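Enquirer: Take a look at this one; I'll ask things after.
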Amino acid sequence: MITNNLFIKLKERSKNNIEEAKNKLISMKGGIETLRDLRVEIDIRKGSYDLMLITKYDSLEDLEAYLVHPIHMEVAKHIGSVLESQASLCYESID
């Protein structure tokens, strides 16, 4: 299984903006065939990043298909418009 963690820092870090971004990210759940699982967590310590998007796939090919899927592209466009910075970590586990 492939897991991708995306850390997101918003330009405007208000509670409303964080919730809106979280809801936008969650909206992808169930709409992209290759996306096995999706979670969004909010940083409770107010550290470097505001949100973490955790997505899981059966293969790297499925991750690549997700990245170009129209639903993901629409959400990515919105997140890109409110994004200050991001970091990611992608790994494979044998569960």
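What follows draws every value from the coordinates through simple rules; no lab data is involved. Not measured: the values here are computed from a predicted model. So basically every Cβ, Gly included, is an ideal-geometry build from the backbone, and we count neighbours across all protein chains shown.
Enquirer: Over 19 Å between Cα atoms, which of 22/77; 11/56; 15/77; 46/77 qualify?
Expert: Flagged as over cut-off: 11/56; 15/77; 46/77.
Enquirer: Here's something else I'd like to know. Using the Cβ atoms and a cut-off under 12 Å, what net charge is assigned to the surroundings of residue 63, where Lys and Arg are +1 and Asp and Glu are -1?
Expert: That works out to -3.
Enquirer: Cross-link partners among aspartates and glutamates for residue 24, C-alpha distance below 12 Å, same-chain residues fewer than 8 apart left out?
Expert: Filter leaves 74.
Enquirer: Skipping prolines and chain starts, which residues have an amide H placed within reach, meaning under 5 Å, of the one on residue 32, given they are 5 or more residues away or on another chain?
Expert: Residues meeting the amide H criterion: none.
Enquirer: Please work out the Cα convex hull volume for the range 13-60 and give it in Å³ per residue.
Expert: Normalising the Cα hull of the range 13-60 by residue number yields 77 Å³.
Enquirer: Work out the length of the dipole vector of the chain about its Cα centre, built from +1 on the beta-carbon of each Lys and Arg and -1 on the beta-carbon of each Asp and Glu, and round it to the nearest 20 debye.
Expert: In total the dipole reaches around 560 debye.
Enquirer: Work out the charge dipole of the chain with +1 on the Cβ of Lys and Arg and -1 on the Cβ of Asp and Glu about the Cα centre, then indicate which of 73, 48, 7 is farthest towards its positive end.
Expert: The one lying farthest along the dipole's positive direction is 48.
Enquirer: Along the Cα-to-C-beta direction of residue 14, a point sits 7 Å from the Cα; which residues of the range 45-73 have their amide N less than 20 Å from that point?
Expert: Counting backbone N atoms under 20 Å from the label point, the list is 46-47, 49-51.
Enquirer: With an 8 Å Cα cut-off and a minimum separation of 6 or more residues, compute the relative contact order for the chain in percent.
Expert: It comes to 47 percent, rounded to a whole number.
Enquirer: For residue 11, what is the net charge nearby, where nearby means another residue's Cβ is under 12 Å from its Cβ and Lys, Arg count +1, Asp, Glu -1?
Expert: -1
Enquirer: Largest first, please: the extent of the C-alpha atoms of the chain along each principal axis, to the nearest Å.
Expert: Rounded to whole Å, the extents work out to 35, 27, 19 Å.
Enquirer: Which GluC sites (Glu not before Pro) in the range 1-83 sit in a loop by DSSP (not H, G, I, E or B) and have at most 15 other Cβ atoms within 10 Å of their own Cβ?
Expert: Of the GluC sites (Glu not before Pro), the ones in loops of the range 1-83 whose Cβ has at most 15 other Cβ atoms within 10 Å are 12, 33.
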